[in-house]
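This report refers to the structure that appears directly beneath it.
The values are calculated or read from the model by the stated rules, or taken from the named source; none is laboratory data. All values reported here derive from a predicted model rather than from experimental measurement. A quick note on method: Cβ atoms are made from the backbone with ideal geometry, for glycine too, and the neighbour counts reach across all protein chains shown.
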Amino acid sequence: MTAPAPIRSIVIVGGGTAGWMAAAALTRLIPAGVSVTLVESDEIATVGVGEATIPPIRSFNALLGIDENDFLAKTQGTIKLGIEFVNWTRDQHRYVHPFGEFGFDIEGVKFHQVWRKLREAGRAEAIDAYNVCALAMTAGRYQPPVTDPGSILSRMAHAYQFDAGLYAKYLRGYAEDRGVVRIEGKVAHVPLRAADGFIEAVILEGDRRIEGELFIDCTGFRALLIEQTLHTGWESWAHWLQCDRAVAVPSASPGPEITPFTRATAHSAGWQWRIPLQHRVGNGHVYCSADISDDAARETLLANLDGAPLRDPFILRFEAGRRKRAWERNCIALGLSSGFLEPLESTSIHLIQSGIHKLMALLPDTGFSAIERDEYNRLTDIQLEQVRDFIILHYHANQRSDGDLWRRMREMAIPDTLRRKLDLFRNRGRFFRYEDELFAESSWIAVLLGQGILPQGWDPLADAFDDDKLAFSLSRIHEMFARAAQAMPRHEDWLARNAPAR
Ligand code: FAD
């Protein structure tokens, strides 16, 4: 038996956000003699939306050694401290999902348990009053976090909003400078090895052949390698997440103020995003095509902009779900080729990042091990299911009276994993984070409470404290956080000083 061939050549197909993120991260292998080639077609456009992110993106950029201010300046980037949800619970209602933690645990008792108890007694403000990101968001202010745990600024957490096309361009420059070879061309054919059905090469129109041992499919919804070639299969989640289209349009900034957050506003057949960048605002209406026509969805979007549209709106079609195996034979799917969850919690770019981390942790050097491949797929499945459940929660726990979509969402059977979380929380506000779950307890609590799920009771451990002392602690926390938020510079001023677009 011949020894398995060492992996010396990695081929990435696709040059959207997924392709260039993978290429940038894989440059770390180039000094060890591995070649990294990226093939992309100028004829096939990237999705081009994907502008809001979540805090772990900072660790991805840090891994690459990217300077934050330079990156913000070159991607027209802004700071994101959380998401404001408007009309999700019911009309005229708003809540925020801020990054960062709520308050401080008190002698090992979770802050939200203490808060729940005092709220019952009318001695606590709304939970946002105890989160410094929520207070800074509302005040339109921002200051970078610090690591000193004695400072309130250590309770800040932030992500970015940026122009996705400029982000891919930025990473392309980074990757090419470090030895990634970019080949422009359209993949026309993908031959498989007769012996094991592994991908042998990709063949471009005009017959250029690019061989490799490991192939990364970043071809977006086309899923050229993982599905069109390897027929891995698709698991639809459209019965839970019924929105299947989005109409998107950039608009002019309405004024000098740049809000440091993404807004998600519910409409009768879906919801609308608003993502402020330095030079414009990104907008889109995600909707269920069974409930509203494309024309009506476009009109709803245009009627709810706060600046003039900068081009004609364009429509994107999708289905919520995942590839049955993200890693199949010698091919790993990253980005839209691996699955899709609507951008309600801005998770897609993170899922690319997380796929890259898992790949780096399980990277084969010689041959392919079934146990490593299966572990990659197992971890990918768990993470996607957890994010899926979090998104379903926003829809399911609604009290909206308009639109059939909202009634269906309220009445549908939800995944058992989400049911267990909801029941535990409803009872005494208990929550457990399983297996490296992406969203922390504070995120779930923000959305559970925001969507109107108030626990019936609280952890009996919270009864061990004196109510007057607790009330005093809570008011001190609120005062300290509010003072810290008010002392921060306005977000647009901070950007102008530190990361003006160029
Ligand atoms: P694409 O951008 O589609 O890139 C595909 C690449 O493959 C292109 O370079 C194309 O040229 C190439 N290609 C395809 N076929 C071939 C071929 N035959 N030969 C050669 N090259 C080929 N994510 C977030 O994190 N935050 C958000 O706010 C967010 N909003 C979104 C809103 C909507 C409506 C949608 C649909 C997605 C959103 N996303 C968001 C997801 C995000 O846009 C994607 O995850 C991200 O852009 C990655 O896309 P991709 O690189 O996988 O695919």
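As an exercise: evaluate Phe340 against (1) outside the structural domain of Leu171 (by TED's automatic domain parsing); (2) of a type in the set (Phe, Trp, Tyr); (3) within 16 Å of the ligand (Cβ to nearest atom) and give the number of the one condition it does not meet.
(1)
Asp294: over 25 Å from the mean Cα position of the chain (by Cα), touching a residue at least 40 places away in the same chain (Cβ under 8 Å) and within 16 Å of the ligand (Cβ to nearest atom), yes or no?
Working: over 25 Å from the mean Cα position of the chain (by Cα): yes; touching a residue at least 40 places away in the same chain (Cβ under 8 Å): yes; within 16 Å of the ligand (Cβ to nearest atom): yes.
When the stated conditions are applied, Asp294 passes them.
From the list Gly179, Gly150, Gly173, Gly165, which one is within 15 Å of the ligand (Cβ to nearest atom) and not basic (Lys, Arg)? Write out each step before concluding.
Details: Gly179 fails: within 15 Å of the ligand (Cβ to nearest atom); Gly150 fails: within 15 Å of the ligand (Cβ to nearest atom); Gly173 fails: within 15 Å of the ligand (Cβ to nearest atom).
Residue meeting the stated conditions: Gly165.
Hey, among Asp105, Asp91, which residue is touching a residue at least 40 places away in the same chain (Cβ under 8 Å) and surrounded by fewer than 21 Cβ atoms within 10 Å (Cβ to Cβ)?
Values: Asp105 fails: touching a residue at least 40 places away in the same chain (Cβ under 8 Å).
So the residue among Asp105, Asp91 that is touching a residue at least 40 places away in the same chain (Cβ under 8 Å) and surrounded by fewer than 21 Cβ atoms within 10 Å (Cβ to Cβ) is Asp91.
When the residues of region 343-364 are filtered to those that are β-branched (Val, Ile, Thr) and over 20 Å from His285 (Cβ atoms), which remaining residue is nearest to the ligand (Cβ to nearest atom)? Can you show your working first?
As a first pass, look at region 343-364 and keep what is β-branched (Val, Ile, Thr): 347, 349, 352, 356.
Adding the requirement that they be over 20 Å from His285 (Cβ atoms) leaves 349, 352, 356.
On the way: Ile349: 3, Ile352: 6, Ile356: 12 Å.
Applying the filter and picking the extreme gives Ile349.
Restricting attention to region 182-198, which residues are in contact with a Gly (Cβ under 8 Å, 6 or more places away or on another chain) and either away from the ligand (no atom under 14 Å from the Cβ) or part of a loop (DSSP other than H, G, I, E, B) (or both)?
Applying the first criterion (in contact with a Gly (Cβ under 8 Å, 6 or more places away or on another chain)) to region 182-198 yields 182, 185.
Matches in region 182-198: Gly185 only.
Does His491 meet the test of being touching a Pro at 6+ places or on another chain (Cβ under 8 Å) and either assigned by TED's automatic domain parsing to the domain that holds Tyr167 or in contact (Cβ under 8 Å) with a residue 12 or more places away in the chain (or both)?
Numbers: touching a Pro at 6+ places or on another chain (Cβ under 8 Å): yes; either assigned by TED's automatic domain parsing to the domain that holds Tyr167 or in contact (Cβ under 8 Å) with a residue 12 or more places away in the chain (or both): yes.
It is true that His491 is touching a Pro at 6+ places or on another chain (Cβ under 8 Å) and either assigned by TED's automatic domain parsing to the domain that holds Tyr167 or in contact (Cβ under 8 Å) with a residue 12 or more places away in the chain (or both).
Tell me yes or no: at least one residue of region 294-301 is surrounded by fewer than 23 Cβ atoms within 10 Å (Cβ to Cβ), of a type in the set (Asp, Glu) and over 27 Å from Ser401 (Cα atoms). Don't jump to the end; show me each part of the working.
Residues of region 294-301 that are surrounded by fewer than 23 Cβ atoms within 10 Å (Cβ to Cβ), as a first pass: 294-296, 298-300.
Then drop every residue that is not of a type in the set (Asp, Glu), which leaves 294-295, 299.
Applying the additional criterion that residues be over 27 Å from Ser401 (Cα atoms) yields none.
Scanning region 294-301, I find no residue that is surrounded by fewer than 23 Cβ atoms within 10 Å (Cβ to Cβ), of a type in the set (Asp, Glu) and over 27 Å from Ser401 (Cα atoms), so the answer is no.
Would you confirm, using the coordinates I've provided, whether Asp381 is outside any loop (DSSP other than H, G, I, E, B) and over 23 Å from the mean Cα position of the chain (by Cα)? Spell out how you get there, then give the answer.
Values: outside any loop (DSSP other than H, G, I, E, B): yes; over 23 Å from the mean Cα position of the chain (by Cα): no.
It is false that Asp381 is outside any loop (DSSP other than H, G, I, E, B) and over 23 Å from the mean Cα position of the chain (by Cα).
Restricting the search to region 149-168, which residues are outside any loop (DSSP other than H, G, I, E, B) and touching a residue at least 24 places away in the same chain (Cβ under 8 Å)?
Keep residues of region 149-168 that are outside any loop (DSSP other than H, G, I, E, B), which gives 152-155, 159-161, 164-168.
If the condition is that a residue be outside any loop (DSSP other than H, G, I, E, B) and touching a residue at least 24 places away in the same chain (Cβ under 8 Å), then Ile152, Leu153, Arg155, Ala159, Tyr160, Gln161, Ala164, Gly165, Leu166, Tyr167, Ala168 are the ones that fit.
Please state which of the following conditions Asn304 fails to meet, knowing it meets all the rest: (1) among the polar types (S, T, N, Q); (2) within 14 Å of the ligand (Cβ to nearest atom); (3) in contact with a Lys or Arg (Cβ under 9 Å, 6 or more places away or on another chain).
Going through (1) among the polar types (S, T, N, Q); (2) within 14 Å of the ligand (Cβ to nearest atom); (3) in contact with a Lys or Arg (Cβ under 9 Å, 6 or more places away or on another chain) one by one, Asn304 breaks only (2).
Just one of the numbered conditions (1) closer than 27 Å to Leu135 by Cβ; (2) touching a residue at least 24 places away in the same chain (Cβ under 8 Å); (3) exposed (fewer than 13 other Cβ atoms within 10 Å of the Cβ) is not true of Ala464; which one?
(1)
Give just the number: which of (1) among the small types (Gly, Ala, Ser); (2) more than 22 Å from Gly457 (Cβ to Cβ); (3) surrounded by 17 or more Cβ atoms within 10 Å (Cβ to Cβ) does Ser154 not satisfy?
(3)
If a residue must be part of a strand (DSSP E or B) and basic (Lys, Arg), how many such residues does region 79-93 contain? If you could, list the steps in order and put the result at the bottom.
Within region 79-93, the first condition is being part of a strand (DSSP E or B), and the residues that meet it are 79-80, 82-86.
Next cut, basic (Lys, Arg) only: 80.
Residues meeting the conditions: 1.
I need the full set of residues from region 1-59 which are closer than 30 Å to Pro145 by Cα, of a type in the set (S, T, N, Q), outside any loop (DSSP other than H, G, I, E, B) and within 16 Å of the ligand (Cβ to nearest atom), in order please.
Scanning region 1-59 gives Thr17, Ser59.
Arg116 - would you say it is away from the ligand (no atom under 16 Å from the Cβ), assigned to a loop (DSSP other than H, G, I, E, B) and outside the structural domain of Phe261 (by TED's automatic domain parsing)?
no
Can you pull out the residues in region 24-82 that are of a type in the set (D, E, K, R), at pLDDT below 95 and under 18 Å from the mean Cα position of the chain (by Cα)?
Glu51
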